[in-house]
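Data first, discussion second: the structure below is written as structure tokens.
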Amino acid sequence: MYMDEILNGVALEECMLTLEELAQSCAVEPQWVIARVEAGLLGYVTVTTDRAADADTEESESAIAELAAMRFASAELARARRLAELERDMDANPELAALVVDLIEEVQHLRRQLRAAGMR
């Protein structure tokens, strides 16, 4: 995979990280990532497998399978790193950190629009 390139700051759009890879890249525990996903602060996609779900599959096995199927795009890597940094360095709670990250992302989006319009 492109893990070495991602850790060195090159974000590749086609690269999808697993839960463990994202946590490692952000220097946090996987549970930290799961808590942010459950709170709606981080997004992910689910990778489907060819294995059909068994009707008798226990709930815990289903939850483990869902965690194993989580994949995170490079945009979520950047977001997760910002969240972790704000929480760690500024002692911000997760919701406040997410608000700050949302504002940073909005400013970046507006700057891209200005550049595209030839105004900057």
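HN-Hα J couplings of the stretch 79-85 from phi, Karplus 6.51/-1.76/1.60, θ = phi - 60°, integer Hz, Gly and Pro as x?
Per residue, the Karplus-derived 3J(HN,Hα) values read 5, 5, 5, 5, 4, 4, 5 Hz.
Would you mind calculating the gained length between Ala75 and Arg111 on full extension (0.36 nm times residue separation, minus the Cα-Cα distance), in nm to one decimal?
11.3 nm
Set the Förster distance to 41 Å, then compute FRET efficiency between Ala39 and Met119 from the Cβ-Cβ distance, nearest 0.05.
With a Förster radius of 41 Å, E is 0.70.
Using amide H atoms built 1.01 Å from N in the peptide plane, name the residues 5+ places from Leu42, or on other chains, whose amide H lies under 5 Å from its own.
Result for Leu42 returns Val37.
Length gain on complete extension for the stretch Asp89 to Ile104, per 0.36 nm per residue less the alpha carbon to alpha carbon distance?
Length gained between Asp89 and Ile104: 3.8 nm.
All of the numbers you see were taken from the coordinates with simple rules; none came from a lab. Computed from a predicted structure; not experimentally measured. Backbone-built Cβ (ideal geometry, glycine too); neighbour counts: all protein chains shown.
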